[in-house]
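Participant: Before I ask anything, let me first share the structure, which is written out below as structure tokens.
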Amino acid sequence: MKKEKKQHHVFTLLIEVGRKDDDGLPETATGAALMCYASGVDEAEAVRETVALLKQAGLAPLDVSGYGSLEDRRAEGHDISVEEEALMQRALAENSVVVAQTTAFYADKS
């Protein structure tokens, strides 16, 4: 009996990370947000794999917001640029996680 391979999709995830020694974030940052495209058979798998990868990379994931698959986002009318779709296709082709953008957070000094 041959096991059927489930189709993978690419999910858009926003991961908030805190500080950890040697995390590679700017010295004065208090944390960061990472926009990621992750491949998985469902969003839960994509989240698990992404969090595990970020922990392995020395980051401290705190919160994950999922924005659905490419198909979900198109159905909701999201504007998806050619560059963004190319990164999603890369994540799918490589069955990987692509960190598309990192935004560092800084404490308000006012």
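Values quoted throughout were computed directly from the atomic coordinates according to the rules given, and no laboratory measurement underlies them. Since the model is a prediction, treat every value here as computed from it, not as a measurement. So basically every Cβ, Gly included, is an ideal-geometry build from the backbone, and we count neighbours across all protein chains shown.
Participant: Cα to Cα, under 29 Å, and not fewer than 8 places away if on the same chain: which lysines meet these conditions relative to LYS6?
Facilitator: Within reach: LYS55.
Participant: Only helical DSSP H runs with n ≥ 4 go in: add -39500 (n - 2.57) per run for the chain, normalise by residue count and round the 222 nm mean residue ellipticity to 500 deg cm²/dmol.
Facilitator: -9000 deg cm²/dmol
Participant: Post the alpha-carbon centroid distance, region 40-54 to region 65-108, in whole angstrom.
Facilitator: 13 Å
Participant: On the first, second and third principal axes, largest extent first, how far apart are the outermost C-alpha atoms of region 13-64 in Å?
Facilitator: Principal-axis extents of region 13-64 (Cα, largest first): 37, 17, 14 Å.
Participant: Follow-up question, since we're still on this one. List every residue whose amide H lies under 5 Å from the amide H of PHE105, counting only residues 5 or more places away in sequence or on a different chain, with H placed 1.01 Å from N in the peptide plane.
Facilitator: THR30, GLY31, ALA32, ALA33
Participant: Give me the net charge of ALA60's neighbourhood, meaning all other residues with Cβ under 13 Å from the Cβ of ALA60; Lys, Arg count +1, Asp, Glu -1.
Facilitator: Net charge around ALA60: -2.
Participant: Relative contact order (percent) for the chain, with alpha-carbon contacts under 8 angstrom and 6 or more residues of separation?
Facilitator: With pairs under 8 Å counted, the relative contact order is 39 percent.
Participant: Next question. Rounded to the nearest whole Å³, what is the per residue volume of the convex hull around the Cα atoms of the chain?
Facilitator: 130 Å³
Participant: Arranged by the count of other C-beta atoms within 10 angstrom, fewest first, what order do LYS6, LYS109, LYS55 take?
Facilitator: Placing the least packed residue first, the sequence is LYS109, LYS6, LYS55.
Participant: Taking GluC sites (Glu not before Pro) as candidate sites, keep only those in a DSSP loop with at most 15 other Cβ atoms within 10 Å, then name the longest stretch of the chain containing none of them.
Facilitator: The longest uninterrupted stretch comes out as 28-75.
Participant: Right, something else. Summing +1 for each Lys or Arg and -1 for each Asp or Glu, what net charge is found among the other residues whose Cβ lies under 13 Å from the Cβ of LEU25?
Facilitator: Spelling it out: positives minus negatives among the neighbours equals -3.
Participant: Going 7 Å from the Cα of LYS109 in the Cα-to-Cβ direction, what parts of region 6-32 have a backbone nitrogen less than 17 Å from that spot?
Facilitator: The answer is 26-31.
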